[in-house]
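Every number in this text was worked out from the coordinates using simple rules, so none of it is lab data. Everything quoted here is computed from the prediction, not taken from an experiment. Note: ideal-geometry Cβ built from the backbone for every residue, glycine included; neighbour counts use all protein chains shown.
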Amino acid sequence: MGAPTETCILAIENLHLCYGPRQILRGVDLFVRQGEVVVLLGASGSGKTSLLRSINLLAQPQSGRIVIGGEPIFDRADDGTDRLRLPAKHIERIRARTGMVFQQFNLFPHMSVLRNVTEAPVIVGQIPREKAEQEALALLTQLGLETHAGKRPAQLSGGQQQRVAIARALAMKPAVMLFDEPTSALDPELVGEVLRAMVALARSGMTMVVVTHELGLAFEIADRVVFLDGGKIVAAGPPAEILLSPSHPRVAAFVARFHESVDMLKPFLEAV
Amino acid sequence: MFDLSVITANAPLLWQGLLVTLLYTISTIATGLLVGFGIGLAQLSPNRAIKLMGRVYVEFFRNIPLLVILLWSYYALPIFLHVNITKSWAGYLSLSLYIGAFYAEILRAGVEGIDPGQVDAATALGMSAGQRLRRVILPQAIRRMLPPLVGQSIIQMKNTTLLSAITVPDLLYQGSYISSFTYKPMEVYTAVAGIFLVILVPLTALARRMEGFHGRAH
């Protein structure tokens, strides 16, 4: 921590967010370096999804500062005064430097898989369609989806849809990828293929911020685990340090619940 | 006994009436679609004042019976405004503004029925509000909107018969006229009803097929 805002691909300072009277984020600071993978953990309601959605302003914070790739996208004083007054066009351009993958995939059902991936590069990125299609096919191939390019999302399994969603986000060549519980809506047998795609992406050097409940994924890909509780970061550090010897009581309780479910599985695992 | 000669002898009058009915149906549906698109977008506006204006418009026209709107705009409005309004204009405007309110509701419901995750995804990709609407929301909403749009348009054709109350010579008006001098209401009104059936039953069937198609679409 403490990295200066300028050298970070993503810098969040003193972020506050509330929905009506409910205070969701209470002063969050998060700095993500180029190529770093940060996993956000926390109980439901701890504010981790809100934090993720604040980064590209899908959620509108009250105050704080967000800088993406050196460009401030959000900067409001404690009293809510907008210090940037960015026009919408500007926000959209900076926002396009982040790619987002959602829990429910949110693919466009009226477009083919290929069109899902090329739509934003063509109409937002102003790339010629032919070039966008070539790049999209390369991405789909990389994710093992080349045979599905002409299909509609509804014809694919959940795991395949989520991989298309990853390709769609990557097609905009984002500086940072945001994942919002990408495996939570999947049948258990489909989780693996999405996790593998994320591990490969992390290994390729992509900067990632990931909200997940998969502690295994956190161990596998996280350079740093950030634990939120009550809208604040209560622990942050390497996954082994935070999860194996938790010092904060809320982190300890969170990890203990995970142990419990593993303990319940033990008789089954031993029987096999 | 059913005297068919009443119909054949007065076929030109019925034909004229049918043309007037079709003219009003088509022109007020076309105008109403424009009105409905504008009012529907107003209802979806993030701006509260614009949203309220859209809402007020819709509730105004949905909660006054069409016959009252027609009579009011032909007989009362000219007195308020101190102008002359022909029955054609009163009829055309009333029907257009009236159906516009229903089209606006169909648009609103169609767009609001779209999963908010679709907007999230389009926004996250950097699309502008206009691009989100044109590329992602409307193409999906229109699929849902088509069956109710066709249904409402069918109702509009039937509603044009109320024009006869302000003496616009539509199909029903011509029917009443023929029956007034032939004293054959049974034959004439049966013919009028038959003409509506012949035109609208295929359209209703089409609307039904579209609903089935929509069910399979996603």
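Taking a ≥ b ≥ c as the square roots of the eigenvalues of the alpha-carbon gyration tensor, region A:165-218 is classed prolate because a/c is 1.5 or more and a/b outweighs b/c.
Tell me, B:S128, B:S176 in order of fewest to most beta-carbon neighbours within 10 Å?
Details: B:S128 17, B:S176 14.
Neighbour counts put them in this order, fewest first: B:S176, B:S128.
Note on chain A: Cα-Cα pairs beyond 24 Å make up 51% of the total pair count. Given R0 = 25 Å, the distance between the Cβ atoms of A:S245 and A:A271 translates into a calculated FRET efficiency of 0.20. Each Lys and Arg contributes +1 and each Asp and Glu -1, all at the Cβ; summed about the Cα centre of chain A, the dipole is approximately 680 debye.
Charges were assigned to the Cβ only: +1 to each Lys and Arg, -1 to each Asp and Glu. The resulting dipole of region B:5-217 about its Cα centre is roughly 440 debye. Over all Cα atoms in region B:56-138, the spread is summed up by Rg and Dmax: 19.0, 55 Å. Pick out, from B:L133, A:S54, B:L66, the residue whose Cα sits farthest towards the positive end of the charge dipole of the protein assembly as shown, with +1 on the Cβ of Lys and Arg and -1 on the Cβ of Asp and Glu. Sorting the options by dipole projection puts first B:L66.
Computed about the Cα centre, the dipole magnitude for the protein assembly as shown is approximately 1000 debye when only Lys and Arg (+1) and Asp and Glu (-1) carry charge, each at its Cβ. The per residue volume of the convex hull around the alpha-carbon atoms of region B:5-217 is 135 Å³. Computed packing ranks the peptides B:44-54, A:159-169 as A:159-169, B:44-54, most packed first, by mean other Cβ atoms within 10 Å. By the helix-only formula, in which each DSSP H run with n ≥ 4 contributes -39500 (n - 2.57) and the sum is divided by residues, the protein assembly as shown has a 222 nm mean residue ellipticity of -18000 deg cm²/dmol. Sparse packing (at most 13 other Cβ atoms within 10 Å of the Cβ) combined with a DSSP loop state is found for the following chymotrypsin sites (Phe, Trp or Tyr not before Pro) in region B:1-46: B:F2.
Mean Kyte-Doolittle hydropathy of 0.5 or higher plus an axial Cα length of 20 Å or more: which whole DSSP H helices in chain A meet both? Answer set is A:188-203. Distances longer than 15 Å among the Cα atoms of region A:109-173: what percent of all pairs is that? Value for region A:109-173 (Cα pairs over 15 Å): 40 percent.
For region B:95-130, the residues whose backbone nitrogen is under 14 Å from a point 7 Å from the Cα of A:E71, taken along Cα to Cβ, are B:125-128. Taking Cβ atoms as reference points and 10 Å as the exclusive limit, the residues near B:N10 contribute a net charge of 0, counting Lys and Arg as +1 and Asp and Glu as -1. Residue-wise HN-Hα couplings along region B:197-210, as the Karplus relation 6.51 cos²θ - 1.76 cosθ + 1.60 with θ = phi - 60° gives them from phi, are 4, 4, 7, 8, 4, x, 5, 4, 4, 4, 4, 4, 4, 5 Hz; Gly and Pro carry x.
Structure note, pairs A:K173/B:K51; A:K131/B:K51; B:K158/B:K184; A:K232/B:K51; A:K89/A:K173: Cα-Cα distances above 30 angstrom occur for A:K173/B:K51; A:K131/B:K51; A:K232/B:K51.
Run the Debye formula on the Cα coordinates of the protein assembly as shown, all scatterers equal and no solvent, and tell me log10 I(q)/I(0) at q = 0.06, 0.07, 0.08 1/Å. Result of the Debye calculation: -0.43, -0.55, -0.66.
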